[in-house]
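> Below is one structure. I have some questions about it.
The values are calculated or read from the model by the stated rules, or taken from the named source; none is laboratory data. Since the model is a prediction, treat every value here as computed from it, not as a measurement. A quick note on method: Cβ atoms are made from the backbone with ideal geometry, for glycine too, and the neighbour counts reach across all protein chains shown.
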């Protein structure tokens, strides 16, 4: 006796074409959603990581400038006819150069009291790149006692702006972007750094004002 009727031999327990297409469509939608979520998380993670680097670099540079400018001094010239300026600031649209003598050179180290140095910060900007360089030369008074060292300290800056004032009230009209003197230094220095986060095309600013304690 045949236990399997003929009609059952042709019955199929698989999926229909419509069911398979529907399953594929659902899988594709889920995969697209997961991929979009992954990209979003990855972008947010990259932005946060870049912001962390920006804050670390910006705060470090602001701290160094504050320490060094707080220790400004006017070197006693061995030559009465010396034309060497003790403080120079020159700012244009695409560049900024700041030179001064300090008793607390502090780049990559704790401010070293008693160590005198001539320090120059030079910022150059083009359409594609921006670069901040720093030069340091140990001095005894006005006399150099070591070779000048130089290095690029930042290539992520979008803006590096310095302004100085000779006025104690520090009103907005008293700030200037040029200064040169061999016998005096400004009363205060205003510093603005601007970094660009490429992940979101956003900017992060760091600002500080340093009151100069050096007696002219």
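> Can you confirm whether residue 69 is part of a helix (DSSP H, G or I), touching a residue at least 40 places away in the same chain (Cβ under 8 Å) and closer than 25 Å to residue 203 by Cα?
Details: part of a helix (DSSP H, G or I): yes; touching a residue at least 40 places away in the same chain (Cβ under 8 Å): yes; closer than 25 Å to residue 203 by Cα: no.
Considered against the rule, which asks whether it is part of a helix (DSSP H, G or I), touching a residue at least 40 places away in the same chain (Cβ under 8 Å) and closer than 25 Å to residue 203 by Cα, residue 69 comes out as no.
> With respect to residue 200, determine if the residue is at pLDDT below 90 and in contact with a helix residue (DSSP H, G or I) (Cβ under 9 Å, 6 or more places away or on another chain).
Criteria met by residue 200.
Listed here are the residues, each with its yes/no results for (1) outside any helix (DSSP H, G or I); (2) at pLDDT 85 or above; (3) farther than 17 Å from residue 154 by Cα.
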{"site": "39", "(1), (2), (3)": "no, no, yes"}
{"site": "48", "(1), (2), (3)": "no, no, yes"}
{"site": "57", "(1), (2), (3)": "no, yes, no"}
{"site": "64", "(1), (2), (3)": "no, yes, no"}
{"site": "75", "(1), (2), (3)": "yes, no, yes"}
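> OK, next. Taking the condition of being out of contact with any helix residue (DSSP H, G or I) (no Cβ under 7 Å at 6 or more places or on another chain), more than 23 Å from residue 115 (Cβ to Cβ) and assigned to a loop (DSSP other than H, G, I, E, B), how many residues in segment 167-182 meet it?
6
> Consider residue 203 against the criteria (1) more than 15 Å from residue 87 (Cβ to Cβ); (2) surrounded by 13 or more Cβ atoms within 10 Å (Cβ to Cβ): it satisfies all of them except one. Which criterion is unmet?
With (1) more than 15 Å from residue 87 (Cβ to Cβ); (2) surrounded by 13 or more Cβ atoms within 10 Å (Cβ to Cβ) applied to residue 203, the lone miss is (2).
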